[in-house]
Amino acid sequence: MLKRIYTLYMIFPKSLLSSLYGSDVNVGNFTKRVEKLRSIINGICPNDSPIHVFSVPGRADLVGSHTDHQKGRAIAAALSLDTLALVKKRDDLWLNVYSDGFTPVHVNLSSLEKEELEIGSAPSLARGVAAALDISGRKIGGADIVSNSIIPRARGLSSSAAFEVLIGSVLSFLYNDECLSPSDIAKAGWWAENNYYEKPCGILDQSASATGGIIEFDGGYGANGKSTKLPSSFIGKDYSLIITNTGPEHSDLTEPYSAIINDMKKVASFFSKKHLSEVKEDEFFSSLLDVRESLKDDRAVLRAIHYFDESKRVSEMRNALSKNNIKEFLRIINASGDSSEELLQNTFVSSTPNEQSIPLALAVTKRFIREHGGATRMQGGGFAGCIQTFVLKKYKKDYIALMESYFGKNASKEVFIREEKAGYIGTLKA
C-alpha cells in the first residue's frame, strides 16, 4: 500500500488514487469527500491530533456463490467502490463511528461482552470486531471515525463487510503497529457478523474487501480459510464492469440466506457430514435418488447440485485467469449466474413473487449480451440488490442507458477491480 503524510495540503498523488479508483479517477471528487469528512471530524474532535485516512473496498462475487459457508472455494474481486474514513485516536475506550446517512455508533470497549440489544445492528459489528481481536491477543482502544461510503447499502456489494474491515483496519493501525494481515482482519469481521450480529455467513466478503484484487478463497468457514490473489489486469483491457442497482435492499433477508445454508447442510447430514465440502461429488450423485427420497426436499437437492457445479467452476476460472483467457472467464461468469437462477434459486424472494427486479435486470441484460457479447450474473448473496455485467468498452454507454431506462438515472455505474488492500492510505494535519 502506498502511504504518505500530508502535513499541509490534501495533495494525494494520482498514482495512489489510481490504485484505489482506476486510472481515470476523478481527483476532484475524492478531494471533496476528504474535505467534507475533515470538516466533520474537526467539528467532533476540535484538537490538533493527526487525521488518518482509510479506504476499504466493496466486492463482487465472480464464481462460487454460496460455497464459502460450506468450507468450499470461491473467487471474488475487490471494487473501486469504497468506504472512505478519517480517523482520530482517542485516549479512552470509546469507539465512535459517524457514517454519512446513518445513525452514529457509540461503543464503549471497556466491555466486550455481547449486548443483546445490539444484535443485528452496526454497534454489534464494531464491538464484535474488537472482541475478536482481543480474544486473539491484539490490543484495542478508542477512536473517532467519520466515513462516507459509495458502496450501495444492502445491495450485495459488502457494505457490512467493509464496515467490519474498516474497524479492524483502524484498530490494527492505531494499536497494533499495522501488523494485522488482511486474513486477520477478515476473520475478525466474519466472527463478529456470525457471533455478535447473528447473521450466518461465510468469510468471502470480508476476505475480498480486506485483501484487494481478485482472490480465490479456499477451504474454510471462518478461521481456517485462506485466500490467494489471482491475476486480473487483463480483464479491463477490453471489457468494462458495470454494476446495476435494481432497487430493493436485501438488508432484511437473513431468513432466506440462512435457508440456503440449512438446505446444503441437510444434504451434507444425509452423508453424516457437517458441510458439503466433506461430501464426495461422485458419492452425492450416485446417491441422488436416495437423498431426494430421504429429505423430501427438491430445493435442497438442487442447491447441492449448484454447490458441486460451482466448485468445479472455481477451478476453471482460476485456470482462465492464470492464462488471461477472457473468453473462458466470461463463459464461467454466465454459467455461474445461470446456476444461481436455476439451481440456487436466490434471485428473488418466493414470499413476494411480484417483486423480481433481479430476474428482470438479468433478462434484459442477457438480450443485450447475446447481440453485443459479454457476461452477467446476480451480485452477492441474492434475493435483491445488484447485478454485475461485463460489456465491451465500446458498448458500455449503450448498456448503461438501457439499464437506466428500466431502473432509473444513475442505476448503472462502471467500476474497476481494485488491486490495493483495505486500510490506511495517509495522514492529514487536523
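Under 5 Å between amide hydrogens, which residues at least 5 positions from Glu419 or on another chain qualify, with H placed 1.01 Å from N in the peptide plane? Those lying under 5 Å, H to H, from Glu419 are Gly213.
For the pair Asn354 and Ser272, label points projected 7 Å from Cα toward Cβ lie 5.0 nm apart. In the chain, a dipole from Cβ-located charges (positive for Lys and Arg, negative for Asp and Glu) runs towards its positive end, and of Leu109, Ser23, Asn324 it is Ser23 whose Cα lies farthest in that direction. Can you list residues whose amide H is under 5 Å from Arg90's amide H, if they're 5+ apart or on another chain and H is modeled 1.01 Å from N? Amide H to amide H, under 5 Å and 5 or more residues apart or across chains, Arg90 pairs with Gly142, Ala143, Asp144.
Placing unit charges on each Cβ (+1 for Lys and Arg, -1 for Asp and Glu) gives the chain a dipole about its Cα centre, and among Leu62, Tyr239, Gly374 the Cα reaching farthest toward its positive end belongs to Tyr239. Put +1 on the Cβ of every Lys and Arg and -1 on every Asp and Glu Cβ in the chain; which of Cys45, Ser412, Val97 then has its Cα farthest towards the positive end of the dipole? The residue sitting most towards the positive pole is Ser412.
The string of couplings for the range 309-323 from the Karplus curve (6.51, -1.76, 1.60, θ = phi - 60°) is 5, 4, 4, 5, 5, 4, 5, 5, 6, 4, 5, 5, 5, 5, 9 Hz, one whole number per residue in order, with x for Gly and Pro. Along its first, second and third principal axes, ordered by size, the chain spans 69, 51, 42 Å in Cα coordinates. Label positions at Asn47 and Leu117, each projected 7 Å from the Cα along the C-beta direction, are separated by 2.8 nm. Here the Karplus relation 6.51 cos²θ - 1.76 cosθ + 1.60, evaluated at θ = phi - 60°, turns the backbone of the range 406-422 into coupling constants of 8, 10, x, 4, 6, 5, 10, 9, 6, 10, 10, 6, 8, 7, 6, 6, 6 Hz, with x for every Gly and Pro. Each peptide in 309-316, 288-295 was scored by the mean count of other Cβ atoms within 10 Å over its residues; highest first, the order is 309-316, 288-295. Take each peptide in 358-369, 163-174, count the other Cβ atoms within 10 Å of every residue, and average; sorted highest first, the result is 163-174, 358-369. Rg/Rh, computed from the Cα trace of the range 235-415 with Rh as the Kirkwood radius, has the value 1.01. The slack in the chain from Ser287 to Asn324, taken as 0.36 nm per residue of separation less the alpha-carbon distance, amounts to 9.5 nm. The 3J(HN,Hα) values that the Karplus relation (6.51, -1.76, 1.60; θ = phi - 60°) gives for the range 33-46 are, in residue order, 4, 5, 4, 4, 5, 5, 4, 5, 5, 6, x, 6, 10, x Hz. Gly and Pro appear as x. For Lys274, the aspartates and glutamates whose Cα comes closer than 12 Å to its Cα, not counting residues fewer than 8 places off in the same chain, are Asp263. Listed by chain and number, the lysines whose C-alpha is less than 24 Å from the C-alpha of Lys327, apart from same-chain residues fewer than 8 away, are Lys229, Lys237, Lys312, Lys366, Lys393, Lys394, Lys396, Lys397, Lys413. Rounded to the nearest 20, the Cβ-based charge dipole of the chain about its Cα centre (Lys and Arg +1, Asp and Glu -1) stands at 1340 debye.
Under 5 Å from the amide H of Arg377 lie the amide H atoms of Gln388, each residue being 5 or more positions distant or on a separate chain, with H modelled from the backbone and absent for Pro and chain starts. Ranked by the mean number of other Cβ atoms within 10 Å per residue, highest first, peptides 378-385, 196-203 order as 378-385, 196-203.
Cβ-Cβ distance of Lys296 and Asp338, R₀ of 22 Å, FRET efficiency by 1/(1 + (r/R0)^6): the value works out to about 0.25. Rounded to the nearest 20 debye, the dipole size of the range 235-415 about its Cα centre is 760 debye, using +1 on the Cβ of Lys and Arg and -1 on the Cβ of Asp and Glu. With a simple spin-label model that places each label point 7 Å from the Cα along the Cα-to-Cβ direction, the separation between Lys409 and Glu371 comes to 2.5 nm.
Rule-based calculations on the coordinates, nothing more; no lab input. No experiment lies behind these values; they were computed from the predicted model shown. As a convention, Cβ positions derive from the backbone with ideal geometry for all residues, glycine included, and neighbour counts pool all protein chains shown.
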